[in-house]
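Heads up: the structure comes next, in structure tokens.
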Amino acid sequence: MLHALVPLIVAVLFFRRDWKKAYLIMMATMIVDVDHLLATPIYDPLRCSIGFHPLHQTVPMLLYAVACFIPKLRYVGIGLVIHMALDAIDCQWTNGIWMM
């Protein structure tokens, strides 16, 4: 849910003139989860994707951050950074760090 809502909010707030294009490109970056197909099992609700899946590692994430500053790649970079940030938050919730 948040993986669709947060990019929409960012697109509308920061890219008002091209919000539809920005949103569609950011949503297209969700294809980054294709690396989950390399894991066994493909889906594990207790597994943190950050640091586990190849496209969720430090070096690719640094490249995603750099892409935010390249005008032609800006929407892609922002979409990927949002995705990784939301996955990191999910890891925190899954591991009970924010549980009271």
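Each residue in the stretch 69-100 was checked for being open to solvent by 30 Å² or more (accessible area, probe 1.4 Å), within 15 Å of residue 51 (Cβ to Cβ) and at pLDDT 95 or above, and 1 of them qualify.
Remark: residue 32 falls outside the filter, which requires a residue to be in a helix (DSSP H, G or I), among the β-branched types (Val, Ile, Thr) and over 13 Å from residue 83 (Cβ atoms). When residues in the stretch 50-68 are screened for being open to solvent by less than 60 Å² (accessible area, probe 1.4 Å) and either in contact (Cβ under 8 Å) with a residue 40 or more places away in the chain or part of a loop (DSSP other than H, G, I, E, B) (or both), 4 of them pass. Scanning the stretch 18-32 for residues that are of a type in the set (A, V, I, L, M) and open to solvent by less than 80 Å² (accessible area, probe 1.4 Å) yields 22, 25, 26, 27, 28, 30, 32.
Remark: pairs (first residue in the stretch 33-49, open to solvent by less than 50 Å² (accessible area, probe 1.4 Å); second residue of a type in the set (A, V, I, L, M); Cβ separation under 7 Å; 6+ apart in sequence or on different chains) = 35/55; 36/42. Sub-8 Å Cβ pairs linking a first residue in the stretch 70-91 that is free of Cβ contacts under 8 Å to residues at least 12 places away in the same chain to a second residue that is open to solvent by less than 40 Å² (accessible area, probe 1.4 Å) and assigned to a helix (DSSP H, G or I), at least 6 apart or interchain, are 70/77; 73/67; 74/67, ordered by first then second residue.
The values are calculated or read from the model by the stated rules, or taken from the named source; none is laboratory data. Note that the structure is predicted; figures quoted are calculated from it, not measured. Heads up, the Cβs are rebuilt from the backbone with ideal geometry, glycines too, and the neighbour counts pull from every protein chain shown. For accessibility, only protein heavy atoms count, side chains too; no ligands or nucleic acids. Shrake-Rupley method; radii C 1.70, N 1.55, O 1.52, S 1.80 Å.
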